[in-house]
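All remarks here apply to the structure that follows.
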Amino acid sequence: MVTITDVSKRANVSRSTVSRVVAGNGYVSEAKRKAIEQAIAELGYRPNTLAQALRSNRSNLIGAVVVDVGTPYFANMIYGVQRATRNARKALIVSSGYADQDEEAQAVIELVDRSCDGILVYLERPMREDAVEILRRSRIPVVSIGRDYCPVARGRVVLDNFAGARAAMRHLLETGHRKIVHLSGQVDYGDTVARMEGIAAALAEFGLGLDDIHIVSGIFHQEFGYSATCKLIEEGRDFTAIFAGDDDMAAGVLLALREAGLRIPEDVSVMGFDDAFHAKHMWPPLTTVRQPIDLLGETAATLLLELLARPGSGPLHTIVDTELVVRSSVVAPVQQREDA
């Protein structure tokens, strides 16, 4: 097996100089750096990460717990996390908690057992007490994303769901809609709670309340958007606009409306939330709220790296902005257009 001594001999430098290049810290002249990198490439040298961890008392591992890494939303979040951790030369371990308290606790404990340098958590349930105590004793820095469900977290990043939902509902109201249906996600999810508060704030600006719109709660999934819209139509519900809890849900709404022979946006306007990749490719292109999920993950990882670099720092807190994206799926209701 090729060793660091072999590399130092080939590059004609000291072992400590090779170590600085491999670790990515300390000054090394450009000429020596190039010689070392060439020697590493020629010899096929791979650093012993376990030995490095023992010497530095750092594993160079970052752990992350999200709701479900198999969904596009959280996969995009992890993409942003990795963008930051890769630049810092940290490896990443990701686990899903599935919005279940026991699953989330187990995922966190496993990351502690793997001696992660820092942990990111996106939790939908309050952290179990035993997991909190294990984290506290480990002294591993933690950054939470979304709801503040980790008492020992020294950093937190939140998406401005409130402002995003308020802007979306305000747009529908300013366009003239009053017969509005809102299809929400899981009622106990942090995103849902914050968005409902934003919707209520926008309605209040127009002298209205949540009782003045029709709210149907379900899950963030295309099938719910489809089935809920079909039921609204079957029941004869009178509405001019549907505000879907996310863009996947909105895709189901569009399908159900078309199957019923309703035109979008001429008969019914549709609003989404996320600005997922497919939003601008729907027909008509979807008016929605852009939330930069990858930036959310990258920001959280950057805060965690800052806590690692400055152990005494914190608590740190960052809000990631949302943005209303106006496309073609929302227009004034038909009666208002005829009166005009």
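Things worth noting here:
- Cβ-based net charge around ILE219, under 11 Å, with every Lys or Arg adding one and every Asp or Glu removing one: -3
- Here the mean projected area of the convex hull built on the C-alpha positions of region 125-233 is 8.6 nm².
- Summing Lys and Arg as +1 and Asp and Glu as -1 over all other residues whose Cβ lies under 11 Å from the Cβ of PHE273 gives a net charge of -4.
- 222 nm mean residue ellipticity, helices alone, for the chain (DSSP H n ≥ 4; -39,500 (n - 2.57); rounded to 500): -14500 deg cm²/dmol
- Between SER14 and GLU103, the contour length at 0.36 nm per residue exceeds the Cα-Cα span by 27.2 nm.
- Between the C-alpha center of region 144-218 and that of region 220-245 there is a gap of 18 Å.
- Kirkwood radius, region 211-287, all distinct C-alpha pairs, inverse of mean reciprocal distance: 12.2 Å.
- Seen against the Cα atoms of the chain and their longest principal axis, helix 101-113 is set at about 20 degrees.
- Set of region 222-249 residues, backbone N closer than 17 Å to the point 7 Å along the Cα-Cβ line of VAL334: 233-242
- Unit Cα scatterers, Debye sum, the chain: log10 I(q)/I(0) for q = 0.09, 0.10, 0.11 Å⁻¹: -0.60, -0.69, -0.78
- Degrees, to the nearest 10: 72-87 long Cα axis against longest axis of the chain: 30 degrees
- If the chain linking LEU255 and ILE219 were pulled fully straight, counting 0.36 nm for each residue of separation and taking away their Cα-Cα distance, it would gain 11.2 nm.
- For the chain, lysine pairs with C-alpha atoms less than 27 angstrom apart, excluding pairs fewer than eight positions apart on the same chain, total 7.
- Those GluC sites (Glu not before Pro) in region 255-340 that DSSP places in a loop and that have at most 13 other beta carbons within 10 Å: GLU266
- If you look at the Cα atoms of region 41-173, you get an Rg and a Dmax of 17.3, 67 Å.
- Environment charge of VAL13, counting only residues whose C-beta is closer than 15 Å and scoring Lys/Arg +1, Asp/Glu -1: +3
- Probe 1.4 Å, protein heavy atoms only - accessible area per residue of region 123-193 in square angstrom: 39 Å²
- Taking the longest Cα principal axis of the chain as reference, the axis of helix 30-43 is set at about 90 degrees.
- Accessible area of the chain belonging to carbon and sulfur atoms, whole % at 1.4 Å probe: 50 percent
- Residues considered: ARG33, ARG136, ARG258. Largest GNM mean-square fluctuation over the chain, using C-alpha springs under 10 Å, is found at ARG33.
- Cα-Cα pairs of region 192-340 separated by more than 18 Å (percent): 64 percent
- Length available on full extension from THR318 to ALA88: 0.36 nm per residue minus the Cα-Cα distance, which gives 80.8 nm.
- Cα convex hull, region 202-252: 87 Å³ per residue, rounded to a whole number.
- Packing-based ranking, highest mean first, of 185-192, 234-241 given that Cβ atoms within 10 Å are counted: 185-192, 234-241
The values are calculated or read from the model by the stated rules, or taken from the named source; none is laboratory data. Computed from a prediction, not measured in an experiment: that's the story for all the values here. Cβ sites come from the backbone with ideal geometry, for glycine too, and all protein chains shown count toward neighbours. Each accessible area value is taken on the protein alone, full model and side chains, heavy atoms only, with ligands, DNA and RNA left out. Shrake-Rupley method; radii C 1.70, N 1.55, O 1.52, S 1.80 Å.
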